[in-house]
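Okay, so here's the structure we're looking at.
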Amino acid sequence: MVVNLDENVIVVSQLGVQYDNKVWGVKDIDVTFKKSELIALVGANGAGKSTFLNALCGLIMPTKGDVFFNKNLINRNTPFHNIGWSKQTHAIDWYLNVFDNVIVSARLAGKNRKDSKIDTLAALDLVGLLEYKDRDVDALSGGQQQRVQIARALVHHPDIMILDEPTTGLDAESSDKLLSHLKEKANKGGLVIVSSHDLNLLDSYCDSVLLLKQGSIVAYESKTKFISRYRDKEILTIKYEGELDKRKLVEIEGVVTINDLKPLVLEIKRNTPIGQIINKLDSLVFVMDINRTSPGLREAYLEVARAKEEG
Ligand SMILES: Nc1ncnc2c1ncn2[C@@H]1O[C@H](COP(=O)(O)OP(=O)(O)OP(=O)(O)O)[C@@H](O)[C@H]1O
Ligand SMILES: [Mg+2]
């Protein structure tokens, strides 16, 4: 159920976070997040994703700049009940059982006892933990603990969800279920920001992409636009038996880049006749399967990251 979010839900102005060791986790971030969007936050390890998300949620104080939610300035004194958040490092109460971990979050968001109970059972059902509701969280698997965190984030039906690598440790089915739940929230007028290294998963669900590098924004645009930077290429995925030498592959005409070696993932120029590539490969290894696809978020991400490195 989505209530009155402004068109511009979150406005970030000149945000900078400097840690005690003088490292700037993020710097000079200016960005506006609009409603009805699922935003993929991507970037290499150490790019500043967690710093940014923690600062957005008010979990760490910015050294510089401001974050506004629905035009209100957020800081430690103004808890915002309409946000669901989960951190990369688990923020759960280790001495409580599963049910209590989740109901606490509903109560903190201001829900009464009866509604909190109903919502807690529904959230546990959504993340597939109903049968574990009485168990201590330290007696759960890593992925199950992650699900507790997610249940805590969504139990009070917030319109805004800010999740730092929520699918780490989740199996494929649970990841898909979570992302489709989040997508639905965005479609109904909410705002969802999700960081992840699983670019194929994000590709299936996100509307926009925000790419961070060394604490700064490198790209923020619709997924379609982000991927279109890549429109002159195609991807060949080849399963094979044997050993391949990268140096031999770069000599093949039409091959632009080698993204992976096993299976072999080649970027080729669009409309390259693949016969010559296959002939060459056949002479080197035993080719079992070939798949030709258009580039997606993952390929575009690698391209943009690479382009920036080259200057
Ligand atoms: N508590 C801290 N004290 C000092 N430096 C920190 C701290 N936390 C993060 N950093 C530094 O800030 C930068 C950004 O880190 P951050 O955790 O935001 O990256 P990230 O994009 O979330 O990476 P990952 O993909 O590994 O989760 C890095 O250079 C990191 O070493
Ligand atoms: Mg992180």
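Each reported figure results from applying straightforward, stated rules to the coordinates on display, with no laboratory input. Please read all numbers here as calculations on a predicted model, not as lab measurements. Using ideal geometry, Cβ is built from the backbone for each residue, glycine included, and neighbour counts are taken over all protein chains shown.
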Amide H partners (placed H, <5 Å) of residue 63, local residues excluded = 16, 17, 18
In degrees between 0 and 90, to the nearest 10, how far off the longest principal axis of the chain does helix 98-108 point, with axes built from Cα atoms?
-> 70
Calculate the dipole size of the chain relative to its Cα centre from +1 charges on Lys and Arg beta carbons and -1 charges on Asp and Glu beta carbons; express the result in debye to the nearest 20.
-> 660
For residue 34, which aspartates and glutamates qualify as cross-link partners when the Cα separation must be under 18 Å and same-chain residues fewer than eight apart are set aside?
-> 6, 7, 66, 159, 184, 207, 221
Other residues with Cβ under 13 Å from the Cβ of residue 96 give, with Lys and Arg +1 and Asp and Glu -1, a net charge of -1
For residue 84, distant residues with modelled amide H under 5 Å away | 160, 161, 162
When the chain is treated as a Gaussian network with springs between alpha carbons less than 10 Å apart, the largest mean-square fluctuation among 290, 29, 227 is found at 290
Among the lysines, which fall within straight-line cross-link reach of residue 22, defined as a Cα-Cα distance under 25 Å, with same-chain neighbours fewer than 8 residues apart omitted?
-> 49, 64, 87, 213, 308
Per-residue Cβ contact counts at 10 Å, fewest first, order 161, 61 as 61, 161
Please label the shape of segment 233-294 as rounded, prolate or oblate, based on the square roots a ≥ b ≥ c of the eigenvalues of the alpha-carbon gyration tensor (a/c under 1.5 means rounded; beyond that, a/b larger than b/c means prolate, else oblate).
-> rounded
Along segment 111-123, Karplus-curve 3J(HN,Hα) (6.51, -1.76, 1.60; θ = phi - 60°) to the nearest Hz, with x for Gly and Pro, reads 7, 6, 4, 5, 5, 4, 5, 4, 5, 5, 5, 5, 5
For the Cα atoms of the chain, what angle does the longest principal axis make with the long axis of helix 275-284, in degrees from 0 to 90, nearest 10?
-> 90
Return the percentage of antiparallel bridges among DSSP beta bridges fully within the chain, rounded to the nearest 5 %.
-> 70
Under a cut-off of 15 Å between alpha-carbon atoms, report the aspartates and glutamates in cross-link reach of residue 114, not counting same-chain residues fewer than 8 places apart.
-> 100
Sorted by chain and number, the residues with a modelled amide H under 5 Å from that of residue 233, at a separation of 5 or more or across chains, are 270
Using only the alpha carbons, work out the radius of gyration and Dmax of segment 8-228 in angstrom.
-> 16.9, 50
Taking θ as phi - 60°, what are the ³J(HN,Hα) couplings along segment 132-139 by the Karplus curve (6.51, -1.76, 1.60), each to the nearest whole Hz, with x for Gly and Pro?
-> 9, 4, 9, 7, 5, 5, 6, 10
Tabulate in residue order the Karplus-calculated ³J(HN,Hα) for segment 191-206, using 6.51 cos²θ - 1.76 cosθ + 1.60 with θ = phi - 60°, rounded to whole Hz; enter x for Gly and Pro.
-> 9, 10, 10, 10, 9, 6, 9, 8, 5, 5, 5, 4, 4, 6, 10, 7
How far, in degrees from 0 to 90, does helix 172-187 lean away from the longest principal axis of the Cα atoms of the chain, to the nearest 10?
-> 70
Sorting 14, 286, 222 by the position of each Cα along the dipole of the chain (Lys, Arg +1; Asp, Glu -1; all at Cβ), the one nearest the positive end of that ordering is 14
